[in-house]
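Computed from the coordinates by the stated procedures, all read-outs in this text should not be read as laboratory data. Every value quoted in this text rests on a predicted model; they were computed, and no experiment measured them. Don't worry about glycine lacking a Cβ; one is built from the backbone with ideal geometry, like all the others, and counts go over all protein chains shown.
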Amino acid sequence: MNFSLALIWTITAATTLLQAGNGLLQALMPLRMQAEGLSVSAIGVVAAAYGLGFSTGCFLAPAFIRHVGYIRAFASLAAMVAVLVLVMTQAHSTLAWVLLRGLTGVTFACIFTVTDGWISARATSSHRGRVLSFYMVCTKIALMLSPLGIALGDLRTDGLFMAVSAVISLSLLPIAATSTQEPPAPLGVKIEVRDLFALAPSAVVGSFVVGLVNGPVIAITPVFGVSIGLAQERAAALLFALQAGSLLLQWPLGWLSDRADRRYVIAGLAAGTSLISVLILVASAQGAQDLILWSFAAWGGLALCIYSVCVAHACDIVDPGRIVSTVGTLLFAWAAGVTVGPLFGAVAMELLGPGGLFIYSAVASLGLAVFVILRIVQIQRAPVKGGFVVASTSSAAPTVVARTEGIASSQDGDGGVPAQNSASAVTREETSS
């Protein structure tokens, strides 16, 4: 476990800085657009443009990584994002915001394919949930704290955008100075939604619904807060609460998902998200600001952790050489949800008032829970006993692979290709969710 963390510290540090800038940008953009007179629907269209750009980037990312490698890909893309943020200071129309947000979607899709692919390639199946959780905890601290920076500047000036660009530029330093060997270039370069859905439908549908729900909530939360009567700083603090809740539960959920069928975790998180969405509606109707804040923390602790469990679940099942394509496919599924989710969320708010956002969240999350439960009922997984050795790391030890393993593998410390269990094809067919 410690060896796995040593292999990912540079990409984790770089992504943490990147997400610090991204978190402030998430709070800044909708408030800036609202201050300039854009409607909730227009803000939803801008958020949808991000999802559309992200979908496009998912197709481009694997081939780009294969061509230039992980390190050069991250460095060039982070520099591009920093420039796009500076250009946002000159955006004064819906069209300009749509174009710029779409371009940031393309670049962030490629960046997150780099980071998630790097992390997943370095993690073994027995530690994958915890390694992903460590990575997510670091980035969520950045996402949690950075929106509070909205109180340090004036929305109508360019200072906060310049700060975002500077922090994103700093994310280049850990990558540029790293002495850690990057993972091998990915073997697969295709987005394979149909093939991955056949192997792990719960992961694909889960990623899509996460985009449907998390996309509009994160994009519109500051506007939601202002609409129910919260001050600007208090509305931005709702994003802090979302990430704080996610931070607190990320590691325990990663630990749990390494010891149980990850589908149970996905279903439980989705059902909990639906219930907390109803609680937010009640708290908003009563004007209970403290309860609203705590409810947002609970919502973030559940909803924002679903995606990483979906990634871990899918990576357990696919061949090691397809991990990057798998991550890219799940990002594409997420991005497809993000493309249409903000439109649905904005329409729900327009038709039903501010609370419409969380009526939509409750319904979509409940649908995911029902889907995954049906999959669990249809496909009963027997525990698969197998073993794996992490060479140069620890001695071999027998491991019970509890309903999550499609392969049993061994991986050397240099990122060598894991050896596939001879029965993996049968096991994968029997255990696909």
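What the table below lists for this structure:
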{"item": "Simple label model, 7 Å out from Cα along Cβ direction - K190 to Y264, nm", "result": "3.6"}
{"item": "Using a Förster distance of 60 Å, the FRET efficiency for W9-L291 (Cβ separation, nearest 0.05)", "result": "0.95"}
{"item": "Efficiency of FRET from Cβ geometry, L173 and V363, R₀ 30 Å, rounded to 0.05", "result": "0.10"}
{"item": "Trypsin sites (Lys or Arg not before Pro) restricted to the range 217-276 and DSSP loop, no more than 14 other C-beta within 10 Å", "result": "R259"}
{"item": "Three-way shape label, the range 17-95, alpha-carbon gyration tensor, a/c 1.5", "result": "prolate"}
{"item": "Fewest-first ranking of Y307, Y264, using other Cβ atoms within 10 Å as the exposure measure", "result": "Y264, Y307"}
{"item": "Sites E36 and L152 - FRET efficiency at Förster radius 35 Å, r taken between beta-carbons, to 0.05", "result": "0.95"}
{"item": "Theoretical gain in end-to-end length, L351 to E233 [0.36 nm per residue, Cα-Cα removed]", "result": "39.9 nm"}
{"item": "Packing-based ranking, highest mean first, of 243-250, 223-230 given that Cβ atoms within 10 Å are counted", "result": "243-250, 223-230"}
{"item": "Residues L293, L253 arranged by fewest to most Cβ contacts within 10 Å", "result": "L293, L253"}
{"item": "Sorted by Cβ neighbour density within 10 Å, fewest at the top, the residues H67, H313", "result": "H67, H313"}
{"item": "Rg to Rh, two decimals, where the range 2-378 supplies the alpha carbon set and Rh follows Kirkwood", "result": "0.94"}
{"item": "Karplus-derived 3J(HN,Hα), 6.51/-1.76/1.60, for each residue of the range 347-355, Hz, glycine and proline x", "result": "5, 4, 5, 5, 7, 10, x, x, x"}
